[in-house]
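Here's the structure we're looking at; comments come further down.
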Amino acid sequence: MKQKKLNQTYAALLERDKKDSETDRQIRSKLISAGLEEATPKRTFKINTGEVIGVPNVVDLIIKNLAESERIISLEGKSGCGKSSTARMLAEKIGALLFSLGEIFRYLTYCRINHQTESLVNEIDRLEYRLVNGQTALCKKDKNLTKSLKGELSKSEIDEAVADIASQIQVEVIEFVSTEVSGLMKETAKKIVIEGRPLALSFLPSDLKIVLFADTKIRAERRLKQNLG
């Protein structure tokens, strides 16, 4: 039974990678047509998380290669490479602020699935990042979405639908994150970690871009383990 689920997860990841690649090519030209400019990172560092085993080891490697002057760190990778866990631990260890594009796209997907908004664009206008206990939280009015919806946003139904929602609302999310990052950079001298998919991150500024990658089989095993809890 476990092998069957692993094979299904592997096939699903391959299909998602293919779909993401095709979608990214289509959306990139639309983003440029909408007036967004691609931002070239000052430096790029790649890590094979299939060889550097364990999030703590990946984070330690990043920290060893992080210059003091590098304030904005972008972290990207395909599903199962460990980018979300790595971004969280990295931000915690270096005392940085964390921005997760995935969290925003998942929240918007949650709203659409649960019929909680008629317009995703209007929903973005209601969002903001606030500093809560020294860390960023995605908020809507007086509600801390990062805290209150943590479990909901990790459900499989969100994971299955998020790519389609993200393809519809890339421009607005990128502009939102860019504005929020700029605003918080004026409030604090902390470093900033931005985690997300390569397409969106390529339109956001970064001093250091971390690219995580791993063999699809390894990614499938991790994704299955995560889904099974």
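Each reported figure results from applying straightforward, stated rules to the coordinates on display, with no laboratory input. Since the structure is predicted, the reported quantities are computational estimates derived from the model, not experimental observations. Cβ: placed from backbone, ideal geometry, glycine included. Neighbour counts: every protein chain shown.
Tabulated results
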read-out: Estimated vicinal HN-Hα couplings, Hz - the range 136-142 in sequence order (Karplus 6.51, -1.76, 1.60; Gly, Pro = x); value: 6, 9, 6, 10, 9, 6, 9
read-out: Phi to ³J(HN,Hα) by Karplus 6.51 cos²θ - 1.76 cosθ + 1.60 over the range 205-213, Hz, x for Gly, Pro; value: x, 7, 7, 9, 9, 9, 10, 9, 8
read-out: Amide H contacts under 5 Å for Leu204, placed H, 5+ residues apart; value: Ala39
read-out: Rg(Cα)/(2.2 N^0.38 Å) for the range 156-212, N = residue count; value: 1.28
read-out: Rh by Kirkwood over Cα pairs, then Stokes-Einstein D for the range 49-157 at 1.567 mPa s and 4 °C, µm²/s; value: 83
read-out: Range in the chain, longest, excluding exposed trypsin sites (Lys or Arg not before Pro) [loop by DSSP; at most 11 other beta-carbon atoms within 10 Å]; value: 1-125
read-out: Quotient of C-alpha Rg and 2.2 N^0.38 Å, computed over the chain; value: 0.99
read-out: The range 140-199 and the range 48-71: distance between their alpha carbon centers, rounded to Å; value: 22
read-out: Shape parameters for the range 22-78, alpha-carbon atoms, Rg then Dmax in Å; value: 15.3, 40
read-out: Kyte-Doolittle mean at least 0.0 and Cα axial length at least 24 Å: DSSP H helices in the chain; value: 170-187
read-out: Viscosity 0.890 mPa s, temperature 25 °C, Stokes-Einstein D of the range 1-117 from Kirkwood C-alpha radius, µm²/s; value: 143
read-out: Low-density loop cleavage sites - GluC sites (Glu not before Pro) in the range 1-62, where at most 13 other Cβ are within 10 Å (DSSP); value: Glu37, Glu38, Glu51
read-out: Segments 113-124, 174-185 sorted - mean Cβ within 10 Å per residue, highest first; value: 174-185, 113-124
read-out: Amide H within-cut-off set for Thr136, under 5 Å, with H built and near neighbours excluded; value: Leu98
read-out: Per principal axis, descending, Cα span of the range 5-55 in whole Å; value: 42, 28, 12
read-out: GNM result for the chain, Cα springs below 10 Å: residue of Gly151, Gly54, Gly134 fluctuating most strongly; value: Gly151
